[in-house]
1. State all residues of the range 310-334 that are part of a helix (DSSP H, G or I), under 30 Å from P474 (Cβ atoms) and touching a residue at least 40 places away in the same chain (Cβ under 8 Å); if no residue qualifies, say none.
2. Between a residue in the range 147-160 that is in a helix (DSSP H, G or I) and any residue that is of a type in the set (D, E, K, R) and surrounded by fewer than 24 Cβ atoms within 10 Å (Cβ to Cβ), which pairs come within a Cβ distance under 7 Å, given they are 6 or more apart or on different chains?
3. Among (1) aliphatic (A, V, I, L, M); (2) surrounded by 18 or more Cβ atoms within 10 Å (Cβ to Cβ); (3) under 16 Å from P124 (Cα atoms), there is one condition I441 misses while meeting the rest; what is its number?
4. Answer yes or no: is there a residue in the range 212-227 that is in a strand (DSSP E or B) and either free of Cβ contacts under 8 Å to residues at least 60 places away in the same chain or touching a helix residue (DSSP H, G or I) at 6+ places or on another chain (Cβ under 6 Å) (or both).
5. Here are some conditions: (1) surrounded by fewer than 14 Cβ atoms within 10 Å (Cβ to Cβ); (2) in a helix (DSSP H, G or I); (3) touching a residue at least 40 places away in the same chain (Cβ under 8 Å). E300 meets all but one. Which one does it not meet?
6. So P260 ticks every box in (1) farther than 24 Å from Q39 by Cα; (2) modelled with pLDDT of 95 or more; (3) part of a loop (DSSP other than H, G, I, E, B) but one. Which box is left unticked?
7. Looking at (1) crowded, with 17+ Cβ neighbours inside 10 Å; (2) over 23 Å from G158 (Cα atoms), can you tell me which one E281 breaks?
8. Mind listing whichever residues of the range 218-267 are of a type in the set (S, T, N, Q) and under 23 Å from A298 (Cβ atoms)?
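The values are calculated or read from the model by the stated rules, or taken from the named source; none is laboratory data. Note that the coordinates shown come from a computational prediction; the quantities given were computed from them, not determined experimentally. As a convention, Cβ positions derive from the backbone with ideal geometry for all residues, glycine included, and neighbour counts pool all protein chains shown.
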Amino acid sequence: MTASQSAPSHTSALDDTVAQLTREEKASLTSGADFWHTQAIERVGIPSLMMTDGPHGLRKQEGAGDALGLGASVPSTCFPPAVGIGSAFDPDLTARVGAAIAHEAIVQDVSVVLGPGINIKRSPLCGRNFEYYSEDPLVAGVVGAGFIRGLQAEGVGGCVKHFAANNQETDRMRVSADIDERPLREIYLRAFQQVIELSHPWTVMCSYNRINGVYSSENPWLLTTVLRDEWGFDGLVMSDWGAVDNRVAGLPAGLDLEMPSSGGASPALIVAAVERGEIAESALDAAARRAVQLTRRAAERPAAGGEIDVDAHHALAREAAGRSIVLLKNEGDLLPLDPKDAAASFAVIGAFAKHPCYQGAGSSLINPTRLDTAWDAISEAAAGTVTYAPGFVLAGADSANGDPDTLREEAVAAAGTADVAIVFAGLPAAAESEGYDRTDIDLPADQLAVIEAVAAANPRTVVVLSNGGVVLLPFRGAVPAIVEGWLLGQAGGSATADVLF
């Protein structure tokens, strides 16, 4: 019996605990105690549990909580986001990453990590595509199940999100995803079904949006008929933060826990609804029982404390990042480069080489324990001469105040005297985030101009991309080698050098 499953002997104990609770106490368990914690009832031994954002690292905030990554968080390992590690097609690798994140959660006294994101990449414009594994439901489900398996094997709960059909960020709190049942089941729900059946997650998070006109947080077909009755999910369903529209409708539909705290307002509404017969007492009992069950599962976790093995986790992040990289083009076997050739010269071009874009913005924003750059890693690995030119303006980088024409000319000069030019290009950090979608799939015009000019100056040009979503490659016929570097986490710079060489 794994920690992610309920033993039959626990059933009567859970029921006995719920039977000792007053109606008000049961209702209190259906709402958070604050931004990150569940409600405690000490007199019957129900502790408060802490949850934090994931999914590619631990985002435990130091002060007051917020959902969009504005508050500072404790340092933790930033592993490759799902857009990268999903391209490794290896659930065992994601299990190892999940286990490492679980160890960091234990150190920080976190019981549930909010991840992974399983939503399908329906549109290339979705601003949060970097948090999702794939366009393919089988890949997303199998890889996501690996993450849950690794996380929960260490005693930390996972939370599969965002259930379901949350495939755009623009107007996500009001939009209705209108989908016929067959594609809904075969595409949008299939990945979630894979994760539920393969890895038995402790919790599921419902999404902000409506599905066929009904909010996910109050959708009985979604949360009860499909999730519990058909797939056999036996854990707790929580809301995304602020995703509840009607709490009284949501409870009997299958929403057990509203997050964050409503300040007592929602529990009071639930109690009143039970008293007037609008909600059956049995529905409240079921939600309270699942809340108690979650605390019992979390109680098997190792005690909080200890230290993070920063070096080992950074090494795993580097391995995972290297496995995430995809070779798109390699004419004439230009790659791999020879790091031992002392006579070789390499021009490293592009501000991303020194200022990597390694994760997206929003609630998954990790404060990394360290950060490798491709410039440092290439300089260290290559026996030959390595030069650098920023090439284009990048906010927050050393080129921020540079003239675009001058920067491009410097890049061309560097490329023209090198044996190989390596251009680092991609999407700026502000382009990809929770909360809004992209408006196009183009790389910035100044970067495209640099690539075109460098390729004209040096026929041995490699382009390394940093992007969490689809981008057009109008230069694909002008360069012999293209490497898709996605968003690779804190060790992506070293991993890129590993792959290039």
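1. Residues satisfying the conditions are A321, G322, R323, S324, E331, G332.
2. G150/R96
3. (2)
4. yes
5. (2)
6. So the condition that P260 fails would be (1).
7. With respect to (1) crowded, with 17+ Cβ neighbours inside 10 Å; (2) over 23 Å from G158 (Cα atoms), E281 is out only on (1).
8. S239, S261, S262, S266
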